[in-house]
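Just so you know, all these numbers are worked out from the coordinates, no wet-lab data involved. A quick note: this is a predicted structure, and the numbers were derived from the prediction, not measured. Note that we place each Cβ from the backbone using ideal geometry, even for glycine, and neighbour counts take in every protein chain shown.
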Amino acid sequence: MTILDLKEGQKALVKSIMAGKNAESRLSNFGIIPDEKIKLIKKPLLGAIEIEIQNSKVILGKGLASKVIVTTQNE
Amino acid sequence: MNKHHSINVAIVGRANSGKSVLFNTLTSSHEHTGNWEGKTIKGIRKSIRFRDKKIIISDLPGVQTIDIFPNKFKREHKILMNSDIVLNVIDSTNPQRGLMFTLQLIELKKPTIIVLNMADIAKQKGIKINKKLLEEITGCPVIETVATKKEGMTELLKKILKLKSNLKLPKKIAYSQDIEDKINKITNHIKDIKHNLSPRFISIKLLENNANNDFSTLNQKTKQVVENIIKNLEKRFGYSSQILIASERLHKATEITNKVLTVQNVHEKGWKKKLEKMTSHKIWGYLIMIFGLGGLFGFTFKIGNYISLLFDKASSFLHSYWNLYLGVSSASQLGWSALESMIAIFQITIPYIIPFYIILYILEDLGYLSRVAFLTDSFMRKLGVQGKSCIPMMLGLGCNVPACLNCRIMESKKERFLTILLTTLVPCSAVMVVVMGLVGKYMGLGWVLFLYLLDLIVIILTGVVSSKIIKGKKTHLIMEMPEYKMPHLKTILTLTWYRVKEFLLIAAPLVILSGVIIKLLEIFNWLGLISSILSPITVKWLGLPSITGILLILGILRKELILITLASLLGTTNFSLVLSHTQMITLSVVTMFYIPCIATISALKQELGWKKTLYIIIFEISLAIILAGTVSRILSIIKI
Ligand SMILES: Nc1nc2c(ncn2[C@@H]2O[C@H](COP(=O)(O)OP(=O)(O)OP(=O)(O)O)[C@@H](O)[C@H]2O)c(=O)[nH]1
Ligand SMILES: [Mg+2]
């Protein structure tokens, strides 16, 4: 599953990033790399998604979010 | 200046850490600040004197990484590399993020002072950072500051002098053994290459192997060695080397943060959390956005109208005295119309732009613009742009010129062009003055909102259509969501004052100039002639009085001039004498779209070149003529 499949308030672990070098580098600048814990905060219909990672809040477009593969912790 | 006597200091760090506020405080400048990432779009330098030393301070745009051969920010890169001392500004409320950047400066081996800014907010949150320990770990002097309150500035300047007289390089911070081995291997290989950067920095960048760096100058053998090392590493860990390095930095930064940071649970201010929840809520968020923006104009309208009416009274009072003492000869009328054009600035512009800018700056400093970007991202993608585009567009409500420059935050060429195009369609405060002064004053707020809605629809349609026509890369939104901050009132008032002052300095001479032009034209009997050139459009198609032709020409200089010049021609701001309601709406629609003002045109030329600027101008003129004519026809059918 990807970040996009999480529900608001749900926590997960980043597994991998299915994107090119460029997207990968942009994501890693914001701490979004494998083995990091994230939490989906908000996912409004017309907007982007907001996640919490390492104590900071990051917003990312849904297209980018769909490239981040995660697994929920109770799996 | 003798190079040895001046100290070059570069302010760097992640976006939104308070670099520009620090720069403004140190150098008494008024550079743009606000609570969202990416405001500073190019490096700025200014020199100051402190204890007989000349210190040249440069404020640089916020970045997350330092590249070796950046394709963006080339000049800024040079400033950083040529600086004697680097001030690394870190947001104390989230040092881990800042330290990820600091680690790169340490790799770079630049004498660095770590500036833990926003100490006030950190304190409110019960965050304490052990400065001494951080100093020990990094080898860099550490200082706490509150840039907005000028706290820590003298101490910072003292530290700069001290570091300069006793240059101390940062300590090496070692990553995990595996990575260090590879770094060393590469360092050995590039030993002979002459470069002004630290070999360790270059090695790590080579290892990182990211798309922003261009290593084509490297010799074939070294390239091969590096490639092999990377392949080897990636095979072992199963991740790209780029992710491996990022993860090393992240873990180091976290490790250091855990060592130096203690958090006491203090009661945090509830309003921020509540507001954050509400404004990004899937339903409330949108309602607040719509009503918030509506409120922005409603409030401006109410206050502006109130003050404007006071000025009206004062002006007609003055006019009657003028007539009483000077008579109603044509000379006295000429004098009055000159005076009236100056009074008109205060009657119809200042009352609206002051409250408007105050609120816009409050929204910006609070951190609301990023929420708009967040709430609208998916929607904006349908217009060929992304959520971030909303930020320059919102700024465009104030003035299109800085807004177009701020479009540099867009990453792809296509998105930048489209964002600029849409931004020029946003009605700026000068257009607002015309709309409020005509439609608002004589027809009410409802019609003002109608016009803004019409503008919004035009923007949406333009985006949808042109995104289909213009080819190019799309990028995805990613940025830090800033926490709300209590807007800093003094900064906001100062920025507003600077806006007003700038306006008066530029507008007043233009008002006089256009007054003179009009009078000269009148004397030589050319006024009717020039106006009649445009009359096939203005009179026949748009149904406006023929005099509007000359007004629209002058309006290219500044759109407020349309109304101010009309006032000086009439000798009063009672525009209902010459314009019917339908004509007021038509003129407003033309003003909204017909051409970007001259300052915007020159900004466009700088950002896009002549060809694209010309496209935009032609597009907007045709748009204005077609739209205003249509609106005028519909309105005369339904007879408002
Ligand atoms: N409370 C508080 N707010 C601060 C302090 N320093 C800066 N700010 C606020 O932080 C926000 C960002 O400040 P800027 O100086 O514009 O940030 P910047 O680092 O230049 O950002 P970019 O140019 O986008 O990289 C503004 O809203 C400032 O008012 C501080 O010490 N205390
Ligand atoms: Mg800045």
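So here's what we get for this one:
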quantity: Scattering profile of region B:7-165 at q = 0.11, 0.14 Å⁻¹ [log10 I(q)/I(0), Debye over alpha-carbon scatterers]; calculated: -0.37, -0.63
quantity: Where trypsin sites (Lys or Arg not before Pro) fall in DSSP loop in region B:88-187, at most 14 other Cβ within 10 Å; calculated: B:Lys150, B:Lys168, B:Lys171, B:Lys172
quantity: Size of region B:27-88 as Cα extents on the principal axes (Å, biggest first); calculated: 37, 27, 17
quantity: FRET efficiency, 1/(1 + (r/R0)^6) with R0 22 Å, evaluated for B:His319 and B:Tyr442 via beta carbons; calculated: 0.65
quantity: Dimensionless Rg/Rh of region B:327-463 - Kirkwood Rh, Rg from C-alpha atoms; calculated: 1.11
quantity: Taking B:Arg14, B:Arg45 and counting other C-beta atoms within 10 Å, the order from fewest to most; calculated: B:Arg45, B:Arg14
quantity: For region B:284-638: span of alpha carbons on each principal axis (Å, largest first); calculated: 67, 45, 41
quantity: Cross-link reach list, aspartates and glutamates versus B:Lys490, counting only Cα pairs under 19 Å and skipping chain neighbours closer than eight places; calculated: B:Glu31, B:Asp120, B:Glu151, B:Glu364, B:Asp365, B:Glu502
quantity: Simple label model, 7 Å out from Cα along Cβ direction - A:Leu13 to B:Ile283, nm; calculated: 3.7 nm
quantity: Whole-Å distance, taken between Cα centres, linking region A:7-75 and region B:409-488; calculated: 29 Å
quantity: Members of A:Lys15/B:Lys473; B:Lys123/B:Lys171; B:Lys72/B:Lys109; B:Lys159/B:Lys388 lying beyond 30 Å, as alpha-carbon distances in this model show; calculated: B:Lys159/B:Lys388
quantity: Projected label distance in nm at B:Lys171 and B:His5, using a 7 Å step from Cα toward the beta-carbon; calculated: 3.8 nm
quantity: Chain B - mean residue ellipticity at 222 nm from DSSP helices (-39,500 (n - 2.57) per run, n ≥ 4, rounded to 500); calculated: -20000 deg cm²/dmol
quantity: Which of B:Lys272, B:Lys282 has the fewest Cβ neighbours within 10 Å, and the rest in rising order; calculated: B:Lys282, B:Lys272
quantity: At q = 0.12, 0.16, 0.20, 0.21 Å⁻¹, base-10 log of I(q)/I(0) for region A:3-71 (Debye sum, equal scatterers on each alpha carbon); calculated: -0.24, -0.44, -0.72, -0.80
quantity: Chain lengthening between B:Phe291 and B:Leu197 when straightened (0.36 nm per residue, less Cα-Cα); calculated: 28.6 nm
quantity: Hz values of 3J(HN,Hα) by residue in region B:335-340 - Karplus curve (6.51, -1.76, 1.60), Gly and Pro given as x; calculated: x, 4, 5, 5, 5, 4
quantity: Rg and Dmax [Cα atoms of region B:455-495; Å; Rg one decimal, Dmax integer]; calculated: 17.9, 45
quantity: Peptide A:50-59, shielding by other chains (average Cβ, 10 Å cutoff); calculated: 6
quantity: Sequence-distant aspartates and glutamates (8 or more away, or on other chains) whose Cα lies within less than 13 Å of A:Lys21; calculated: B:Glu208
quantity: Debye intensity ratio in log₁₀ form over the Cα atoms of the protein assembly as shown, taken at each q of 0.06 Å⁻¹; calculated: -0.42
quantity: Those lysines that a straight Cα-Cα span of less than 18 Å connects to B:Lys221, excepting residues fewer than 8 apart in one chain; calculated: B:Lys182, B:Lys185, B:Lys191, B:Lys194, B:Lys205, B:Lys231
quantity: Backbone HN-Hα couplings from phi across region B:109-114 [Karplus 6.51/-1.76/1.60, Hz, Gly and Pro as x]; calculated: 6, 9, x, 10, 10, 8
quantity: Rounded if a/c under 1.5, otherwise prolate or oblate - region B:177-263, Cα gyration tensor axes; calculated: prolate
quantity: Kirkwood Rh and Cα Rg combined as Rg over Rh, evaluated for region B:66-128; calculated: 1.06
quantity: Simple label model, 7 Å out from Cα along Cβ direction - B:Thr222 to B:Lys274, nm; calculated: 6.0 nm
quantity: Calculated FRET value between B:Val266 and B:Leu133, using beta carbons and R₀ = 22 Å, to 0.05; calculated: 0.55
quantity: Sparse-neighbour loop sites [trypsin sites (Lys or Arg not before Pro); region B:356-439; at most 15 other C-beta within 10 Å; DSSP]; calculated: B:Lys382
quantity: Long-range amide H partners of A:Lys42 with built H, under 5 Å; calculated: A:Glu50
quantity: Zero-based 10 Å bins, Cα pair distances in chain B, whole percents; calculated: 3, 14, 22, 22, 17, 12, 7, 3, 1, 0
quantity: At most 13 other Cβ within 10 Å, DSSP loop - trypsin sites (Lys or Arg not before Pro), region B:422-483; calculated: B:Lys471, B:Lys473
quantity: Segment B:Leu493-B:Ile523, extension gain: residue separation times 0.36 nm, minus the distance between their alpha carbons; calculated: 6.4 nm
quantity: Amide H contacts under 5 Å for B:Phe50, placed H, 5+ residues apart; calculated: B:Ile55
quantity: Percentage, to the nearest whole number, of Cα pairs in region B:475-555 over 17 Å apart; calculated: 67 percent
quantity: Net length gained if the chain between B:Ile618 and B:Lys382 were fully extended (0.36 nm per residue, minus Cα distance); calculated: 82.5 nm
quantity: Fewest-first ranking of B:Leu339, B:Leu477, B:Leu557, using other Cβ atoms within 10 Å as the exposure measure; calculated: B:Leu339, B:Leu557, B:Leu477
quantity: Efficiency of FRET between B:Gln606 and B:Ile533 - r from beta-carbon atoms, R0 30 angstrom, step 0.05; calculated: 0.50
